[in-house]
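One structure is given here, and the rest of the page talks about it.
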Amino acid sequence: MSESQSRYSIVERLTQKKLDIISQRLELEEDLRKKQQEVEQLKKDLTDWENEVDNDIDRNRRLKQREIEKTEIMSENAKNRKNAKENALNEKVKAVELALKRIEEISKTSSTVQN
């Protein structure tokens, strides 16, 4: 009976040892699987980040282009207002010059009449 128990004990220990080894091997496989998943997730994160950066650049480019267009319109409007105001001021200068000429003519004719 003791020999039977001894063999049973040896078989039990060896079986336990085998189970421990299998568990360690499974842990190694699980660790590898987790690392591979981590690599894949990091690659996905990088791709997502690159897409976000590209979208941000495109959005900022559109905003800058709209800002340029708006400023160009404002500049053109300012140029048109300047031209209109210059024309109005030129007309006023002409009117003043005409008035001065008339006064000069009146002065010439009135001074000869008084003499």
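What follows draws every value from the coordinates through simple rules; no lab data is involved. As the structure is a computational prediction, the values presented were derived from the model and not from experiment. Here the Cβ positions follow ideal geometry from the backbone for every residue, glycine too, while neighbour counts run over all protein chains shown.
The figures follow:
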{"read-out": "Cβ-derived FRET efficiency at R0 30 Å, Leu89 paired with Glu67, nearest 0.05", "value": "0.40"}
{"read-out": "Choice from Leu32, Leu46, Leu14 showing the highest fluctuation, given a GNM over the chain with Cα pairs closer than 10 Å", "value": "Leu14"}
{"read-out": "Dipole moment magnitude, nearest 20 debye, the chain about Cα centre, only Lys, Arg, Asp, Glu C-beta charged", "value": "800 debye"}
{"read-out": "If the convex hull is drawn through the Cα atoms of the chain, its volume per residue in Å³", "value": "93 Å³"}
{"read-out": "Selection from Ser110, Ile22, Ala99, by position along the positive dipole direction of the chain (Cβ)", "value": "Ser110"}
{"read-out": "Angle in degrees between helix 2-114 and the longest Cα principal axis of the chain, rounded to the nearest 10", "value": "0 degrees"}
{"read-out": "Net charge of neighbours whose Cβ lies under 11 Å from the Cβ of Gln41, counting Lys and Arg as +1 and Asp and Glu as -1", "value": "0"}
